[in-house]
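First comes the structure, then the notes that go with it.
The values are calculated or read from the model by the stated rules, or taken from the named source; none is laboratory data. Nothing here was measured: the structure is a model prediction, and the numbers come from that model. Don't worry about glycine lacking a Cβ; one is built from the backbone with ideal geometry, like all the others, and counts go over all protein chains shown. Just so you know, the surface numbers come from the protein's heavy atoms only, side chains and all, with ligands and any DNA or RNA stripped out. Shrake-Rupley method; radii C 1.70, N 1.55, O 1.52, S 1.80 Å.
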Amino acid sequence: MTSTSVMGGIVRRKEDPSLIQGKGAYVDDVKRTGELAAVFVRSPFAAATITSIDIEAAKAAPGVHAVYTADDVRHLGPNPAQVAVGTLRPLLADGAVKHVGEAVAMVVAENRYLAQDAADLVFVDYEPGEVVVDLKDAFADKVKVHGDASNILLTWHGHGWWEGVIDLPDPSPGIQEAKERDDTVTVSLEMVNQRLLPTAIEPRAVLADWNSGYGSVELWSSSQIPHAVAGAVGVTFGIPSNKVRVVAPEVGGGFGVKLNVYPDEILVCFASKELGRPVRWTETRREAGFASTQGRGWVGTATITGTADGKILGYELEAICDMGAYSHNFTVAVPLLGLFIAGGQYNFPTSYALHCVVTNTQTTDAYRGAGRPEAAYYLERIVDHFAREIGMDPADVRKANYWKPEDFPVQTAIGLTMDSGDYEKNLDALLDRVGYEDLKAKRDAARAEGRLLGLGLSTYVEVCGFGPSALAGLGFSWGAYGLPTAFNGSGVVRVQPDGTCTVTIGTGPSGQGHETTWAQIVSDGLGIAMDNIEVHHGDSVDLPMGIGTFGSRSIAVDGTATFEATARVRKKAAIIAGHLLEAAPEDIQFADGRAHVAGSPDRAVEWGQIAESAYQPHTLPEGVEGGLESSVVFSPPNATWPFGSHMALVEVDPETGDVDLLEYWATDDCGNVINPMIVDGQLHGGIAQGIAQALYEEAIYDDMGNLLTSSMANYTLPVSTSLPLFSLDRTVTPTDVNPLGVKGVGEAGTIGSAQTIVNAVVDAVAHLGVRHIDMPLRPKRVWQAIQDAKE
Amino acid sequence: MEVSITVNGAKHSSEVEPRLLLVHYLREVLGLTGTHVGCDTGYCGACTVIVDGIPIKSCSMLTVQADGCEVRTVEGVANGPELHPVQEGFWECHGLQCGFCTPGMIMSSVALLERNANPSETEIRQGIEGNLCRCTGYHNIVKSVQYAGAKMRGEDPKGASSEVAS
Ligand code: FES
Ligand code: FES
C-alpha cells in the first residue's frame, strides 16, 4: 500500500469550496443565450374527460411563442417510462386526465412571468368522472381508473415473483399448520405506511437546447440518471445516442424524485426543436406535488405466528400498494424491492402478497429506500408486537430468529443470496453502547412516576448495490432505450500528460460526495494527491454508459469500476516507471506523487515523468502502447446486504399526545467504509427522513383527489428544532461481492428508523392498552389512541 | 421603477418591474446565482440573504422594497480568498451534502453569530429554524455553526474528526 493512503479516512469534501461560496451551478444557474420559459396548464380534476381546449387567447398573449397540447406531441408516444406495466403517462393529457395536476398544455413565452400570464388564458372544458383515492376501494375495483382494466396491475408473491423467470417452491411451509397448533400465538396488525413527498430542496428543473444544424440536443436536467434520460430522449426523437447530451450538473437533492424520465424533460426538447431557441422549465414547489413522483402509500396486514419462547414459525404480509395513476420508471418495482427483504434478517417461513393498485393520484415511485422502508416497517413493527404479546424482551425475540454468521451466504426464500451478516454482534454492539438494561430501568422508573417514556428498537437488513447481471431483465430493464439491461458500473481513470488525474464515473450524485470518495479510491491506488485528482460525473457524453445514483448502488458498483480501472493504470504505470528506472515492474511502488523502486525510495520518478513518457510512445518499452488510462465496466455478481440496529428513547406528553424524541442511537453495518464522515452524513439524513415519516410527514389527498399538502407550509417537513443530535456507531462486516468490501449506505438510515420511533411511542403507551398508532404520530393521533385505549 | 441597492459592497442602480422579487433581481439581473429558490411560500429559506443586518427570505421581498438597502449574499461573506468562519465550519464539519440549502443556511448562521457570539445548541437550532435542509438531518449543520462560533471567539474549534464513528 502507499503512504498517501486515504481510504477509510476523514477527508474534507472536494465539492464544498464551490458550494459554500455560492459557485455551485445547478440547472437554474446554467444560462443559454435566447432562452424561453415554459409553464404548464394542469388539471384541477382527478378524473375527467377533456371535451375541448381553447388556446387562442393564450397564443395571442404578450411574449408567447407557442402553446402545445396533446395534438402536437401525440406522435412522440407516451412518456418513456421504463417499467411498462399498466398505463404509461401521455406527454400531455390526451382526452382525459387521471389525477389532479396532470399536465394538459404547455405554454412557452419570453419569460416565466409572461408564460404564467398566458397559461391562465388557456380554457379547458372538463367533464368530471368518478374518482378513486381510497386504496381498499381501488383494490375492490369500485371505480376503475383506466377504462375497463382492473386497478390491480399485478401482485408480487414470495414465490414465482416473476412468472416464468423465477419460480420457487412455496416458501411458507407449515405456516398454516403452525397456526393451528395449541402452543402457538398468532398476532396481527393492520398498518398504514403513508404517502410521502420526497421534497428535494432543489425543485426539478430542465433546460433544452436543440441544434438544428447538427440535429443534436443538449439537455440540462436535475436528474439522478442523466444517461437514462439521454437514452429516452434519443429514442423518443429517433436520434442516435451520440447526438444527445444530458447533463446533470449540481443536483440539489434527489431521494428518488429525480430518478425518472419525466414528460417535461421530453417536452422542453420538443419545444426547443420546434422554436429554435433554448427552452427552460423549473418546477414550482406547489407543482412538485403534481409533476414529480411521490413515495410509499401502503395499507397492509402483518401477521406472526410463534411460540411463547420467541421462536417465530411464520410471517405473513399482505399489502395494497398505491401506484398512483400511471406507471413510471420503477413504480411497480418498488414493492418488489420491498419483497426482496420482507423477511428481514430472520430465518423463518414467509408468505407475501403485495398488490400493485392504481388510483386517481400522482404516480408513486422510488423514495429513499423504495419499498425497503415499507417492508422493514411491517416486519419490525409486528416482531415488536409479538414480543410484547408473549412478554419477551424485543431484543431477545429478534436474536432467537436471526440468521447466524455461519449461515452465510444465505439463500433467501425468494431466491436471492444474502452476502454477509452478523446480526447478533451488531445488535449487541448497540445494546452495550446504550446501556440497554439501565435504559429500561430508567424508563420503568419514569413510568412509575406517571411519565410516559418509551424505548423503541428496530433492526433491519436491506438489499442494495444494484445490480447483479443475474437480475437483468427482471423489471430492471432499460433495454428499450438501447441501454444496458443490467445495472453495471462504469469508470474511467486517466492520468493526464502533466501527471494529474481525471476520473469519470457513471453515477448521478445529488450530495453524496462522490468526487471526494472516488478521489480517495484513486489517490490510494496511485499515490497521487487528492488535490491532483478531479472527478467528473453526470454528463452523458463523458462515458458510453452510466446507470446513475439510486438504490445505494454507487460505491459498490461504480466505485468498484473505478477501483479496477485504477489498478490497471497502476499496472501500466509500473511498467513505464520500471523502464525509466531500470527496474522490474513488480518492484515499483507508488507514493507521494511518485513511483520508486521498493527498498530504494531515492530511485524514483514523478507521475509527470511517467505520463510524459506514456504520451510519447517512442520512449516506451517495446510492445507498450501510448496513453495512460483505463475504462472499466463492472458487473457485480450479486447485490449487497447492509444491516443495522437502531434505538430511540421518547417521552409522550399524556395531556397533549406530543412526542419528544429524547435520544436516537444507531449501529449500522455497511461493510468497509471509505470516508466515515460522508457515511455518517448519509446516515444522519436517512435517519432524519425516517423519523420525519414516523412523526411529521404525510401527503394527504381528499376524496376528490386533491392533494391537500402541496406546499411546504402544510406538508410538515422536519426543521432544525424537530430533531436531536444522532449517536452513531458501526460494525464492519465486509462483503465479498466486490473487492472494496463496500455495501452502500444511502438508504440504510431511512430503512431502520421509522419503525424505531413507532416502536418507542407504542412502548411508552402500551401499558395504557395501546397496541398500534398509524404514522405520522402527530399529537392528536397519539392523544386519541390513549383516549381510545381507556374506553 | 428605479432602484439603488448595495449588494456585497457594490452599488447597483437598475430599472426594475415592480413585481420583480428580490431573489430574481439577485439571480437574474445581477447574476448572483448563489442565492437559491426552493419554494414559493417563503418556507424553505434557500433564498436567505442579509438585508441591513437582518436575515430575509429574498423570495418574499420585492426588489423595490430593498431600494436603498445593503444586501449581503453568500458570494459576499468571504474576505477575499479567506473563507468566512461559517463557510469554513460547514466545510470542516460536513455541514452540507447537496449544497442547495447551504447558501441560505450560511447567511442565517452568519446573522445568528453576529447577534449571539456563543449560542447554545438550542439557540443554534432556533436560529436556523427558517431554513430547511433535506440532506443532513441538521446534525452536522449544528456542528458547523458551533465550529464557526468557536473560531470567531478565538477558541480551538472541533471538526468532523472529533465526532465520526470509526
Ligand atoms: S425560496 Fe423558499 S423561502 Fe424563499
Ligand atoms: S445539503 Fe441538501 S438540502 Fe441541505
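Rounded if a/c is under 1.5, else prolate if a/b is larger than b/c, else oblate: which is chain B, with a ≥ b ≥ c the root eigenvalues of its Cα gyration tensor? Write down the numbers at each step before the final one.
Numbers: a/c = 2.27, a/b = 1.84, b/c = 1.23.
Prolate shape, in that a/c is at least 1.5 and a/b is the bigger ratio.
Ratio of region B:1-42's C-alpha Rg to 2.2 N^0.38 Å, to two decimals?
Numbers: Rg = 10.8 Å, N = 42, 2.2 N^0.38 = 9.1 Å.
The value comes to 1.19.
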- Could I have the simple spin-label model distance between residue A:502 and residue A:587, label points 7 Å from Cα toward Cβ, reported in nm to one decimal? 3.5
- Query: Dipole of region B:6-162 (Lys/Arg Cβ +1, Asp/Glu Cβ -1, origin at the Cα centre): which of B:83, B:33, B:147 lies farthest to the positive side?
  - Reply: B:147
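Multiply the residue separation of residue A:180 and residue A:732 by 0.36 nm, subtract the distance between their alpha-carbon atoms, and state the gained length in nm to one decimal. Present the calculation step by step, with values, prior to reporting the outcome.
Details: separation 552, 0.36 × 552 = 198.72 nm, distance 4.15 nm.
Value of the extension gain: 194.6 nm.
Percent antiparallel among DSSP beta bridges with both residues in chain A, to the nearest 5?
Values: 101 of 128 bridges.
Restricted to chain A, the bridges split so that about 80 percent are antiparallel.
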- Counting only the heavy atoms of the protein chains, how much of residue A:541 is accessible to a 1.4 Å probe, in Å² to the nearest 10? 80
- Item | Relative contact order of chain A, defined on C-alpha pairs under 8 angstrom at six or more residues apart (%) | 16
- Would you list A:691, A:390 from the most to the least accessible area, probe 1.4 Å? A:390, A:691
- Item | Pairwise FRET efficiency - residue A:406 versus residue A:190, Cβ, R0 = 35 Å, nearest 0.05 | 0.40
- Query: Each residue of region A:254-265 in turn: what ³J(HN,Hα) in whole Hz from Karplus with 6.51, -1.76, 1.60 and θ = phi - 60°, glycine and Pro shown as x?
  - Reply: x, 6, x, 5, 9, 10, 9, 9, 9, x, 4, 5
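Could you state how much accessible area is buried at the A-B interface, both sides summed, with a 1.4 Å probe, in Å² to the nearest 100?
Values: alone 28430 and 8760 Å², together 32410 Å².
Between A and B, the summed buried area is about 4800 Å².
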- Could you provide, to the nearest whole Å², the per residue accessible area of region B:85-158 with probe 1.4 Å? 30
- From the backbone phi of region A:725-734, what are the Karplus-calculated ³J(HN,Hα) couplings (6.51 cos²θ - 1.76 cosθ + 1.60, θ = phi - 60°) in whole Hz, Gly and Pro given as x? 6, 9, 10, 10, 7, 8, 10, 10, 10, x
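Treating the beta-carbon of each Lys and Arg as +1 and of each Asp and Glu as -1, no other charges, what is the dipole magnitude of the protein assembly as shown about its Cα centre, to the nearest 20 debye? All intermediate terms of the calculation are to be shown ahead of the outcome.
Values: 70 positive and 119 negative charges, 135 e Å.
Magnitude of the dipole: close to 640 debye.
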- Each label sits 7 Å from Cα toward the beta-carbon; between residue A:146 and residue A:110 the label points are separated, in nm, by 4.3
- Task: May I ask you to list the residues of region A:25-55 whose amide nitrogen lies under 16 Å from a point 7 Å from Cα along the Cα→beta-carbon direction of residue A:216?
- Result: none
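Two-decimal Rg/Rh of region A:488-634 from alpha-carbon positions, Kirkwood Rh?
Values: Rg = 15.4 Å, Rh = 15.4 Å.
Here the Rg-to-Rh quotient is 1.00.
Given charges of +1 on the Cβ of Lys and Arg and -1 on the Cβ of Asp and Glu, with all other atoms neutral, how large is the dipole of region A:273-379 about its Cα centre, in debye to the nearest 20? Before the final figure, lay out each step's value.
On the way: 9 positive and 9 negative charges, 105 e Å.
About 500 debye.
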- Message: For A:560, A:186, give me the order by solvent-accessible area with a 1.4 Å probe, most accessible first, ignoring ligands, DNA and RNA.
- Response: A:186, A:560
- Message: List the lysines whose Cα sits under 27 Å from the Cα of residue A:273, skipping any in the same chain fewer than 8 residues away.
- Response: A:31, A:59, A:243, A:258
- Once phi is turned into ³J(HN,Hα) by the Karplus curve 6.51 cos²θ - 1.76 cosθ + 1.60 with θ = phi - 60°, what whole-Hz value does each residue of region A:370-383 show in order, with x for glycine and proline? 6, x, 6, x, 5, 4, 5, 4, 4, 5, 7, 5, 6, 4
- Go through A:404/A:440; A:442/B:158; A:425/A:743; A:179/A:425 and tell me which ones have a Cα-Cα distance over 23 Å in this structure. A:404/A:440; A:442/B:158; A:179/A:425
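Which trypsin sites (Lys or Arg not before Pro) does region B:11-60 hold that lie in a coil by DSSP with at most 13 other beta carbons within 10 Å?
Working: sites: B:11, B:19, B:27, B:57; in loops: B:19.
Here the trypsin sites (Lys or Arg not before Pro) that fit, given the DSSP loop and packing criteria, are B:19.
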- Item | With DNA, RNA and ligands ignored, accessible area of residue A:695 (1.4 Å probe; Å², nearest 10) | 10
- Query: How many partner chain Cβ atoms sit within 10 Å of a residue's Cβ in peptide B:100-113, on average, as a whole number?
  - Reply: 3
- Of A:784, A:333, A:344, which is farthest on the positive side of the dipole of the protein assembly as shown, counting Cα position, with +1 on Lys and Arg Cβ, -1 on Asp and Glu Cβ, and the Cα centre as origin? A:333
- Note on the structure: Expressed in nanometres to one decimal, the distance between label points 7 Å along Cα→Cβ at residue A:571 and residue A:447 is 6.1
- Query: Based on the alpha carbon coordinates of chain A, what radius of gyration and maximum Cα-Cα distance (Dmax) apply, in Å?
  - Reply: 27.5, 90
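At 1.4 Å probe size, put A:124, A:279 in order of accessible surface, largest to smallest. Mind showing how you got there, number by number?
Working: A:124 30, A:279 0 Å².
From most accessible down to least: A:124, A:279.
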- Message: Could you work out [θ]222 nm for chain A from helices alone, using -39500 (n - 2.57) per DSSP H run of at least four and dividing by all its residues? Round to the nearest 500 deg cm²/dmol.
- Response: -8000 deg cm²/dmol
- When Cβ neighbours within 10 Å are restricted to other protein chains, what is their mean count per residue of peptide B:30-37? 5
- Message: So if each residue of separation counts as 0.36 nm, and I subtract the Cα-Cα distance between residue A:655 and residue A:616, what length gain in nm does that give?
- Response: 6.1 nm
- If r is the Cβ-Cβ distance from residue A:60 to residue A:708 and R0 is 30 Å, what FRET efficiency results, to the nearest 0.05? 0.25
